[in-house]
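The values are calculated or read from the model by the stated rules, or taken from the named source; none is laboratory data. Everything numeric in this text was worked out from a predicted model, so none of it was measured. Every residue, glycine as well, gets a Cβ built from its backbone with ideal geometry; the counts of neighbours run over all protein chains shown.
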2 protein chains.
Amino acid sequence: MFFMKIAADVMGGDHGCAVVVDGLLKALRTFPRIETLFLVGDADQVACALDRQDIGDPRVEIVPAGSVLTMEDRPVEGLRGKKDCSIALATNLVKQGQAEAVISAGNTGGVVAAATIKLRTLPGVDRPGIATVMPSETGEFVLLDAGANIEGKPRHLMHYAIMGEIYAREVLGKKNPRVGLLSVGVEVGKGNELTLETFKLCQRLDLNFIGNVEGHDLFTGNVDVFVCNGFVGNTVLKACESLATNLMGWLNTELRVTPFRQAGAWLARGAFRSLKQRIDPDAYGGAPLLGVNGTVTIAHGSAGERAIANAVGHTVGAVEHRINQRIIDAVATANEYLFPAKSTLVGTHV
Amino acid sequence: MFFMKIAADVMGGDHGCAVVVDGLLKALRTFPRIETLFLVGDADQVACALDRQDIGDPRVEIVPAGSVLTMEDRPVEGLRGKKDCSIALATNLVKQGQAEAVISAGNTGGVVAAATIKLRTLPGVDRPGIATVMPSETGEFVLLDAGANIEGKPRHLMHYAIMGEIYAREVLGKKNPRVGLLSVGVEVGKGNELTLETFKLCQRLDLNFIGNVEGHDLFTGNVDVFVCNGFVGNTVLKACESLATNLMGWLNTELRVTPFRQAGAWLARGAFRSLKQRIDPDAYGGAPLLGVNGTVTIAHGSAGERAIANAVGHTVGAVEHRINQRIIDAVATANEYLFPAKSTLVGTHV
């Protein structure tokens with residue numbers, strides 16, 4: 001069996017350190033292949049959270065952190081000012097080779113910045129992207145970038161197409177994943193400057209690029225990988241979370257209005273349970289940050305115990321699949337083919 | 001009573017001319033204040049559609065069109081090549097003062113282009129925007145632009161804030177509507193170049209600007225007007241339509257799995273009916289194009305009879321509210337205040 005070490009930033013989640021620690025310990029019980037779990041955070045709070053649990057797992061190691069990057073901190077400036085913050089120290093463990101993966105439910109921008117600055121992007125990749133997995137009619141799909149790179153450039157999006165395809169194939173087990181460019185219409189020529197340029201690049205990639213797709217395609221199961229810039233991806237993701245939550249809430253309210261409806265809801269409770277499972281955000285609990293030199297999982301800020309445990313599970317899976325080497329190879333091939341003269345340069349001018 | 005004339009492009013809808021005509025006639029029966037309804041389209045098809053209905057309403061006038069702008073046509077080029085297409089002729093009727101409003105379920109880009117070229121934008125407004133109304137926890141909200149202006153500039157979005165606020169106040173009856181800028185986080189400083197610049201402009205407007213909002217706020221009822229560029233608005237709108245449709249479909253499937261669930265669904269059927277009504281896209285059937293010199297309603301391409309009839313109803317309301325004069329006044333004030341030196345110039349350089 002392949003053993004691994006995981007560094008967890010236990011600070012910064014919406015529900016506090018104890019909930020994150022509980023989720024991590026739950027995962028530790030499920031995954032014997034985790035050799036060491038570093039709990040990085042305020043030493044007192046972590047000790048207190050551990051004391052609440054009745055187990056003394058020898059695989060747990062506390063790494064005391066002097067500060068926390070809060071939601072109010074600007075990522076890069078915050079990291080510069082708080083060198084001993086939990087996300088910085090947790091990421092350092094990966095940088096120094098003491099851990100294979102890092103997981104955090106803290107400030108998303110901070111996690112992205114720490115990973116980009118400390119671990120660096122993979123060779124050939126200019127900017128990392130957050131790959132969010134969501135449920136579709138036929139299973140699940142990946143949307144990236146979901147917010148790591150707000151002003152994505154065509155070359156960045158082209159790399160997202162490559163990385164998303166590899167993730168869908170290797171981790172989600174999709175055969176020949178269909179990769180679509182999220183635009184405002186499916187016809188060639190629809191879109192903005194960014195998508196029109198990205199389209200030209202993606203067309204020449206050695207993958208199953210199906211061209212422009214639009215919002216209507218998202219949950220249909222017709223597309224496996226949606227490529228977009230971080231602004232669009234983040235907004236779409238949050239809009240869909242808001243709609244799903246509110247729709248279920250409205251249905252819940254309607255089902256309580258009369259005793260008949262209440263009785264009906266009770267009889268049909270299995271259907272609601274299945275639907276909730278299908279759209280359960282905690283099933284993933286986190287999204288991988290693709291394109292950095294290490295395995296990084298960004299857990300939902302609002303992740304509860306189960307969500308954290310599941311996020312650890314996906315992190316374990318991501319480490320095992322070793323997709324980074326595949327990304328390096330595929331990106332190198334694409335860069336050489338598409339930018340022969342400048343394949344070794346950072347292509348921010350594209 | 002105030003009478004009005006409406007020009008309807010009956011071609012280009014997904015379900016064909018007859019469905020659009022049926023919807024229009026249905027609206028005609030509901031709104032006696034429609035003095036004349038111009039049916040603009042293929043003469044044979046329109047006559048055929050009218051023959052199916054057993055009424056000869058003297059208010060109906062057929063305007064034969066020689067061609068149709070299809071979904072494959074590029075808007076501006078298409079209009080140049082098909083001068084006798086239904087959307088061009090219908091818009092001409094408004095331009096020539098023969099009708100107050102135009103409605104079309106055809107090529108959205110074509111409707112926007114025809115309105116912009118023929119009717120021109122309102123004084124001070126550079127680009128029109130599509131205002132989509134969607135249901136929220138507490139009623140409804142407006143999202144604009146939903147796709148008229150894919151590469152929106154800060155000045156355009158600032159005008160959308162003004163126009164959306166007026167629409168929410170005058171047509172939806174909201175008191176002091178809360179206007180938010182759709183971004184990737186609520187903190188000041190979150191966003192991309194476009195939203196950061198737009199934020200600075202909106203901050204100085206004489207309206208209830210609540211700052212950055214994000215996708216999570218969409219359906220909560222905490223915001224009345226969401227301002228974004230056309231690419232983001234169109235993608236968010238379509239993503240939400242896709243999610244709502246698929247969620248309801250998944251629930252429907254789950255409710256059929258066992259006889260217990262079927263019985264429960266039958267008992268609780270009132271709840272599902274209420275929920276469907278609440279999120280019914282046909283309740284609006286169309287979205288106003290704000291910022292052009294006339295009243296323009298863009299109906300859903302997939303609009304059925306009822307959706308078309310409702311779209312006519314909202315068009316009648318929009319004409320009655322005469323919001324264009326309010327938009328002209330508010331935009332003039334804002335332009336003078338924010339761009340004192342160049343208030344009379346078209347501000348594409350902002």
field: Among the candidates B:Ala90, B:Ala115, B:Ala105, residue that is under 26 Å from B:Ala244 (Cα atoms), in contact with a strand residue (DSSP E or B) (Cβ under 6 Å, 6 or more places away or on another chain) and of a type in the set (A, V, I, L, M)
entry: B:Ala105
field: Unique residue being out of contact with any Lys or Arg (no Cβ under 8 Å at 6 or more places or on another chain) and modelled with pLDDT of 90 or more when the list is B:Gly41, B:Gly23
entry: B:Gly41
field: Filtered residue count, the stretch A:239-288, keeping only those that are over 24 Å from A:Phe219 (Cα atoms), surrounded by fewer than 22 Cβ atoms within 10 Å (Cβ to Cβ) and not aromatic (Phe, Trp, Tyr)
entry: 11
All positions within the stretch B:223-265 that are at the interface with chain A (Cβ under 8 Å from one of its Cβ atoms) and more than 21 Å from A:Lys276 (Cβ to Cβ): B:Cys228, B:Gly230, B:Phe231, B:Val232, B:Asn234, B:Thr235, B:Val236, B:Leu237, B:Lys238, B:Glu241
statement: Taking the stretch B:178-206 and the residues there that are free of Cβ contacts under 8 Å to residues at least 60 places away in the same chain and aliphatic (A, V, I, L, M), the one that is farthest from B:Cys228 (Cα to Cα) would be B:Val188
field: Failed condition for A:Asp44, given (1) acidic (Asp, Glu); (2) exposed (fewer than 13 other Cβ atoms within 10 Å of the Cβ); (3) in contact with a Phe, Trp or Tyr (Cβ under 6 Å, 6 or more places away or on another chain)
entry: (3)
task: Looking at (1) more than 25 Å from A:Gly139 (Cβ to Cβ); (2) within 7 Å of chain B (Cβ to nearest Cβ); (3) not charged (D, E, K, R), find the lone condition where A:Gly270 falls short.
output: (1)
task: May I ask you to verify whether A:Leu119 is surrounded by fewer than 22 Cβ atoms within 10 Å (Cβ to Cβ), touching a Gly at 6+ places or on another chain (Cβ under 6 Å) and of a type outside the set (Val, Ile, Thr)?
output: yes
- prompt: Looking at B:Gln45, B:Gln53, which one is touching a Cys at 6+ places or on another chain (Cβ under 6 Å) and farther than 24 Å from B:Gly129 by Cα?
  reply: B:Gln45
message: For the structure I just gave you, tell me whether B:Asp14 is assigned by TED's automatic domain parsing to the domain that holds B:Ala114 and part of a loop (DSSP other than H, G, I, E, B).
response: yes
query: Of the residues in the stretch A:204-222, how many are farther than 22 Å from B:Thr108 by Cα and facing chain B (nearest Cβ under 10 Å)?
result: 3
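Yes or no, residue by residue, for (1) touching a residue at least 24 places away in the same chain (Cβ under 8 Å); (2) outside any helix (DSSP H, G or I):
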| position | (1), (2) |
| --- | --- |
| A:Val133 | yes, yes |
| A:Leu143 | yes, yes |
| A:Glu151 | yes, yes |
| A:Met158 | yes, no |
| A:Gly173 | no, yes |
message: Quick check on the stretch B:60-97: of everything there that is surrounded by fewer than 14 Cβ atoms within 10 Å (Cβ to Cβ) and more than 23 Å from B:Asn293 (Cα to Cα), which residue is modelled with the lowest pLDDT?
response: B:Glu72
message: Condition first: within 9 Å of chain B (Cβ to nearest Cβ), touching a helix residue (DSSP H, G or I) at 6+ places or on another chain (Cβ under 6 Å), within 27 Å of B:Asp280 (Cα to Cα) and not in a helix (DSSP H, G or I). Can you find one or more residues in the stretch A:185-203 that meet it?
response: no
query: Of all residues in the stretch A:284-314, which are over 15 Å from A:Leu25 (Cβ atoms) and among the polar types (S, T, N, Q)?
result: A:Asn293, A:Thr295, A:Thr297, A:Ser302
- request: Return yes when A:Gly152 is over 20 Å from A:Asn208 (Cα atoms), touching a strand residue (DSSP E or B) at 6+ places or on another chain (Cβ under 7 Å), within 14 Å of chain B (Cβ to nearest Cβ) and crowded, with 24+ Cβ neighbours inside 10 Å and no when it is not.
  value: no
